[in-house]
Amino acid sequence: MNTSTSTNKLLTDKQFVRISSIAFDKWGLSLGEKKVQLVSTRVSKYLRTSRFSGVDAYLDYIEQEATPADLLELFDLLSTNVTSFFREIEHFNYLEREFYTSLARGNTTRPGKRIRIWSAACSTGPEPYSMAIQALECLPQLDKWDFKILGTDLANSAVEKARSGIYPAAMLENMPKELLAKYFEPQGSGEDLAYRVNDRVRSLVTIGQLNLMDEWPFRGRFDVVFCRNVMIYFDKPTKDRLVNRICDVLQPGGVLAVGSAESAGNASQELRTVQPSVYVK
Ligand SMILES: C[S@@+](CC[C@H](N)C(=O)[O-])C[C@H]1O[C@@H](n2cnc3c(N)ncnc32)[C@H](O)[C@@H]1O
């Protein structure tokens, strides 16, 4: 395929191959030809205001002398951060039915009532904040638990937005009114109306920056891991390795949810499918 024709000469085939190989080596991303247009547009837009004379000069720099910050800037250009509150509600329904009901009944042997949840590749944060809202709704005595949610993503812009916890009103359109009133504070008005996740919700969530392909700094294990709508960007060996690593950081009996269009397949013998795209270790 001649990408230079299909992308109005924004990126040549060779340049796209160079970017794809960086994306795969550093972040596990398999860009595939469907991404040519998107990558071309974003890289060209970035280069218009950069100090580089063109795509080749930029790629030479990235390949030979890029700092971690330069690489993160490129990752931001390549990543897709689409997300929403209570996305793929069937995963939240599973947690309510199976996980929180059992905790609320006191069916737990967890030492120190410790619960740890990881929203891996959380993008701008609606996923971990939805998890926190659900926990507050499902466990009336949440204060008595040592309960923490970690949300991580690699993209600078996503992590920054997740840390701010501020979302345009359009992202909250489907939030039930009583939850909106209970867990969000309005900011601004008219077209600038936004909502900030309130302190009660934020106190349960820590946002961190993490490349899923790197070493993970976790000391304890997780009771629940959501790793959703990110594996679609990985090839099978990368996805299988990731599923196995997640399995290693899950408690026995812990829950893993992947995106509803994804599957943990048979990557790990230790995972049992409990509903489509939900697994228990
Ligand atoms: C489509 S969003 C999914 C967000 C959320 N999990 C959901 O389902 O709504 C995919 C996220 O994966 C992140 N991502 C992609 N590759 C990654 C990697 N190697 N390490 C960490 N995050 C990554 C992107 O930055 C992006 O925010």
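The values are calculated or read from the model by the stated rules, or taken from the named source; none is laboratory data. The structure presented is a predicted model; accordingly, all values stated were derived computationally and were not measured. Glycine gets a Cβ as well: all are built from the backbone with ideal geometry, and neighbour counts include every protein chain shown. All accessible areas refer to the heavy atoms of the entire protein, side chains included, with ligands and DNA or RNA removed. Shrake-Rupley method; radii C 1.70, N 1.55, O 1.52, S 1.80 Å.
The table below lists the values:
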item	result
For the chain, alpha-carbon Rg over 2.2 N^0.38 Å	1.09
Cα shape, the stretch 3-78, gyration tensor, a/c 1.5 rule	oblate
Cα gyration tensor shape for the stretch 115-217, rounded if a/c is under 1.5, else prolate or oblate	oblate
Per residue accessible area of the chain, 1.4 Å probe, in Å²	50
Cα-Cα over 29 Å, subset of Lys34/Lys236; Lys45/Lys182; Lys35/Lys161; Lys144/Lys239; Lys45/Lys236; Lys26/Lys182	Lys45/Lys182; Lys144/Lys239; Lys45/Lys236; Lys26/Lys182
Paramagnetic reach from Arg114 in the stretch 219-238 [backbone N under 12 Å; point 7 Å along Cα→Cβ]	219-223
Ser102 versus Phe52: modelled label distance in nm, points set 7 Å from Cα along the beta carbon direction	4.9
Cα shape, the stretch 1-157, gyration tensor, a/c 1.5 rule	prolate
Packing-based ranking, highest mean first, of 89-99, 139-149 given that Cβ atoms within 10 Å are counted	89-99, 139-149
Two-decimal Rg/Rh across the stretch 149-281, once Rg and the Kirkwood Rh are taken from alpha-carbon atoms	1.02
Accessible surface of the chain, 1.4 Å probe, proportion on carbon and sulfur as whole %	50
Nearest-ten-degree value, helix 126-138 long axis tilted from longest Cα axis of the chain	0
Label-point gap, in nm, between Ser263 and Glu90 - each point 7 angstrom along Cα→Cβ	1.3
Charge context of Asn211, other residues only, Cβ under 10 angstrom, K/R +1, D/E -1	-2
Under-5 Å amide H pairs with Val225, H placed in peptide plane, nonlocal only	Trp118, Val255, Leu256, Ala257
Mean-position separation - Cα centroids, the stretch 103-179 and the stretch 231-281, in angstrom	20
Charge dipole (debye, nearest 20) of the stretch 89-280; +1 at Cβ of Lys and Arg, -1 at Cβ of Asp and Glu	660
